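Undergrad: Right, I'll just put the structure down here and ask away after.
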Amino acid sequence: MKIAIPKERREGELRVGASPDTVKKLVGLGFDVVVETGAGEGAAFTDDAFKTAGATIGGSAADTVKDADVILKVQRPLVRGEGGDELANYKEGAVLVCQMQALTQRKCVEALAKKKITAFAMELMPRITRAQSMDILSSQNNLAGYKAVIDGASTFNRAMPMMMTAAGTVPPARVLVFGAGVAGLQAVATAKRLGAVVFATDVRPATKEQVQSLGGKFVVVDEEMEKEAETAGGYAKEMPPQYFEKQKKIVGEHLTKADMVITTALIPGKKAPTLITEEQVKTMKPGSVIVDLAAETGGNCEATEPDKVVTKHGVIIIGHTNMASRVASDASMMFAKNLLNFVTPHVDKESKALKIDWDDELIKGTCVTRDGEVVHPMLKDQAAATPEPKPEPKADETPAEDKDKSEGGA
């Protein structure tokens, strides 16, 4: 059974879906592993390292995925209209495992169904104990939170820790973190290790103790509203407008004193909530820094520009949309291990092939297409809620409402 590891082709993506360590384990399970030449360059994994681990090196993308039974990737494949068509080389019925952004990338999902690809979207992994070793959001966001602080500190024109010298005392930097999920908590921990005074806020009150355990100070907005702010899966819910109005007032005071702000608030499948308005940016100290980890989905700051570092009203705003790729070696190592842990329980020891347990809740939670159909419940509900587009009138046909008017209708 052949597993293919193609090179990532989306702009700015340096990660790869396997590491020499995971290739060695996949080969040990009985798979033939083919890695596209140069696939690991961005993550500092050489072709020789993959060959030593037991992989065959494919000369091109087409050679690599040709006849592959399983394809392991980081990002969803390019489809027609995106500057390439990676799906054209996939064989019908292949299994694809990657980060798919399935809730917002309907075009890709439908293209996978049309090709009869069995596709698993790893970002939809249920948040249960058994799935922790497969959770790409946790592994990648952990690194993103770390890198956000490092990028912010390298841009910030002052020192982070307190320094007492004969020439005077340098006060510690004040860091404010929005969102205390995996990325936010790592940002709190990293900023604290660098010597900053750290504050954090989150709609989920359960995160208060976690922030405090890392040495941060928790900013409470509205205890009553926050009691209902978490889904059963542990994600933050979308809050009502009145919550954000209250947050604006309470957090505004901290913004004016902050030297660095890290925003991490995301709602799965929706545009990122606006937490910092442009008017609030104007109140911040000149030279302060905002690192917006939600830039890819619209940004938590109104002044963020995706994939750009800009200065507005004296504040530097960092809007990198793929922060994990900026630490590609470690991110690839962890992502690859997540994929390996997902695949391994479904390998039949006798036949050395995949034998997927379709009753497994992790399979049900991540499978988006199978046998030519979109099968994930969230995507089916999403499609049902989307109204059918009205057919365009023919060139020689008058729309019904205009026809009524032309015949004396109201």
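The values are calculated or read from the model by the stated rules, or taken from the named source; none is laboratory data. As the structure is a computational prediction, the values presented were derived from the model and not from experiment. All Cβ positions, glycine included, derive from the backbone under ideal geometry; neighbour counts span all protein chains shown. Quick note on the areas: whole protein, heavy atoms, side chains included, nothing else; ligands and nucleic acids left out. Shrake-Rupley method; radii C 1.70, N 1.55, O 1.52, S 1.80 Å.
Undergrad: Return the carbon/sulfur percentage of the accessible area of the chain, one whole number, probe 1.4 Å, all protein chains in place.
TA: Carbon-and-sulfur percentage of accessible area, whole number: 51.
Undergrad: Using only the heavy atoms of the protein chains and a 1.4 Å probe, how would LYS282, LYS73, LYS349, LYS208 rank by accessible area, largest first?
TA: Highest to lowest solvent-accessible surface, that is LYS349, LYS282, LYS208, LYS73.
Undergrad: By the gyration tensor of its Cα atoms, with a ≥ b ≥ c the square roots of the eigenvalues, what is the shape of the range 328-370: rounded for a/c under 1.5, prolate for a/b over b/c, or oblate?
TA: Numbers: a/c = 2.87, a/b = 1.43, b/c = 2.00.
Oblate shape, in that a/c is at least 1.5 and b/c is the bigger or equal ratio.
Undergrad: Rounded to the nearest 500, what is the chain's calculated 222 nm mean residue ellipticity when only DSSP H runs of at least 4 contribute -39500 (n - 2.57) each, over all residues? Walk me through the numbers before you get to the answer.
TA: Values: 14 runs with 132 residues, N = 410.
Calculated mean residue ellipticity at 222 nm is -9500 deg cm²/dmol.
Undergrad: Excluding ligands, DNA and RNA, what is the solvent-accessible area per residue of the chain at a probe of 1.4 Å, expressed in Å²?
TA: Heavy-atom SASA per residue in the chain reads 48 Å².
Undergrad: Structure shown: which of LYS66/LYS147; LYS116/LYS337; LYS107/LYS312; LYS192/LYS308; LYS337/LYS364 lie over 31 Å apart, alpha-carbon to alpha-carbon?
TA: LYS66/LYS147; LYS107/LYS312
Undergrad: From the phi angles alone, apply the Karplus equation (6.51, -1.76, 1.60; θ = phi - 60°) to the range 203-211 and give each ³J(HN,Hα) in whole Hz, x where the residue is Gly or Pro.
TA: 6, 9, x, 5, 7, 4, 5, 5, 4
Undergrad: Which helices, taking whole DSSP H runs in the chain, have alpha carbons extending 20 angstrom or more along the helix axis plus mean Kyte-Doolittle at least -0.5?
TA: Span-like helices in the chain: 136-155, 328-343.
Undergrad: While we're here: From Cα pairs below 8 angstrom and at least 6 apart in sequence, can you work out the relative contact order of the chain, rounded to a whole percent?
TA: 17
Undergrad: Related question: Along the Cα→Cβ direction, 7 angstrom out, place labels at LYS282 and LYS107. What is the inter-label distance in nm?
TA: 3.7
Undergrad: Can you list the residues, at least 5 places off or on another chain, whose amide H is less than 5 Å from the amide H of GLN75, using H built in the peptide plane?
TA: Amide H neighbours of GLN75: GLN99.
Undergrad: Calculate the length of the line joining the C-alpha centroid of the range 255-290 to that of the range 61-124, in whole Å.
TA: 35
Undergrad: To the nearest 10 Å², what's THR165's accessible area with a 1.4 Å probe?
TA: About 80 Å², rounded to the nearest 10.
Undergrad: Can you match log10 I(q)/I(0) by the Debye sum over Cα atoms at q = 0.07, 0.11, 0.12, 0.13 Å⁻¹ to one of these, (1) -0.40, -0.88, -1.00, -1.11; (2) -0.30, -0.78, -0.94, -1.13; (3) -0.35, -0.85, -1.00, -1.14, based on a calculation from the structure here?
TA: Computing log10 I(q)/I(0) by the Debye sum over Cα atoms at q = 0.07, 0.11, 0.12, 0.13 Å⁻¹ and matching it to (1) -0.40, -0.88, -1.00, -1.11; (2) -0.30, -0.78, -0.94, -1.13; (3) -0.35, -0.85, -1.00, -1.14 gives (1).
Undergrad: Check which residues have an amide H placed less than 5 Å from ALA102's amide H, if you skip close sequence neighbours.
TA: none
Undergrad: Residues with amide H under 5 Å of VAL261's amide H, sequence separation 5 or more or different chain, H placed in the peptide plane at 1.01 Å from N; which?
TA: For VAL261, whose amide H was placed from the backbone, the distant partners under 5 Å are LEU176, VAL289, ILE290, VAL291.
Undergrad: Order VAL221, VAL182, most accessible first, counting only protein heavy atoms with a 1.4 angstrom probe.
TA: Descending order: VAL182, VAL221.
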